[in-house]
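Down below is the structure, laid out as structure tokens.
Read-outs throughout are calculated quantities, based only on the coordinates presented, and are distinct from any laboratory measurement. No experiment lies behind these values; they were computed from the predicted model shown. Reconstructed Cβ throughout: ideal geometry from the backbone, glycine too, with neighbour counts over all protein chains shown.
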Amino acid sequence: MRKGIAGLYHRAEVSQKVNTRYLNALAGVDDSTSLLELIGPLEHPVMRDGKRSRALHPFDEEDRSLLAAIGGGEFIINGFRNKDLQDLLYATTAQSVKESRRRSGAISRKLRLLRDHGLIQKIQKSYRYKVTMKGRSILTALIAASNAIVNTLIPKAA
């Protein structure tokens, strides 16, 4: 982007899109849909472009860590890349080029799975992805359910 007056319109346009995405993410979930209705479709395989993608299991350790990683607030404005998820999902850095490529491929397959389920979408002309509105509501509900305390969910008997 230009830094002068000539790029002012483009800068305002980009800034407005960033602000819109940020406000949509902060809006939270304001509907009466149950958790079962939200995550029900995720637990079934989907077909996209003639290819089958496996079901997501939101309360399984591997899928839960992936969903928690993309649901983090640090990716709301700019989105996330394959490399960003590698840093979050793997404790150590890759020790070789072969290991780095293996990790990149594994994350790419997970990104395709999330895209097939409609939780994320690719940002045009970049290597970044953003969480969709559907994905944001599902992720917010899952994080809230994961952090809920049983005593507050079930009232004590009188």
Selection within region 106-128 - more than 15 Å from Gly73 (Cα to Cα), aliphatic (A, V, I, L, M) and in contact (Cβ under 8 Å) with a residue 24 or more places away in the chain
Ile107, Leu111, Leu113, Leu114, Leu119, Ile123
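Between Arg21, Arg11, Arg64, Arg2, which is among the charged types (D, E, K, R) and closer than 20 Å to Arg109 by Cα? I'd like the intermediate steps shown before the answer.
Values: Arg21 fails: closer than 20 Å to Arg109 by Cα; Arg11 fails: closer than 20 Å to Arg109 by Cα; Arg2 fails: closer than 20 Å to Arg109 by Cα.
Of Arg21, Arg11, Arg64, Arg2, the one residue that is among the charged types (D, E, K, R) and closer than 20 Å to Arg109 by Cα is Arg64.
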If we scan region 129-137, do we find a residue that is under 19 Å from Ala68 (Cβ atoms) and either in contact with a Ser or Thr (Cβ under 9 Å, 6 or more places away or on another chain) or without any contact (Cβ under 8 Å) to a residue 12 or more places away in the chain (or both)?
yes
